[in-house]
Structure formats: C-alpha cells, structure tokens
Amino acid sequence: MESGKPAGVPCVQLLPDMRCAIFGKPERPAVCRSLRPTQAMCGAGREDALTYLAELERLTAV
C-alpha cells in the first residue's frame, strides 16, 4: 500500500487463505522483507499471533 496501511485495514496483498500474494517477490515492501517474527509475536499459534497484531493495530491507530 503506497501510502502505508492504516490500522484495521487488511493488506491489499493478503490472499483469502491469509497468505501474502507477493511473498518472496522483489516488489515486496522493505518493511515486510525485514520482519523477523519472534516467539512473543507468534505465541503458541494463530490466535496468539492475531491477538498480538490486534494490539499493535490498537497502539498505532490514529
């Protein structure tokens, strides 16, 4: 998303199965390429990860 992604808005590259449509491609944004998931970010599974992401979105909402 050229101007950034607002909190609460899914990435335009997010596929219905929750995968990135441009993963591993050169046009993938630097912020995505540099992301290194940690245990704190991912937790024990998908629900923990979504909770973590929701909190990040809450903290960065304008």
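Quick look at the values:
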{"read-out": "The chain: relative contact order as a whole-number percent, Cα under 8 Å and 6+ apart", "value": "31 percent"}
{"read-out": "Cα gyration tensor of region 10-62 - equivalent ellipsoid semi-axes, whole Å, descending", "value": "20, 14, 13"}
{"read-out": "Among 31-43, 48-60, the order from most to least packed when residues are scored by Cβ within 10 Å on average", "value": "48-60, 31-43"}
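Bear in mind that the values in this text are calculations on the coordinates, not laboratory data. What you see is a predicted model, and the numbers here were worked out from it, not measured in a lab. Note: ideal-geometry Cβ built from the backbone for every residue, glycine included; neighbour counts use all protein chains shown.
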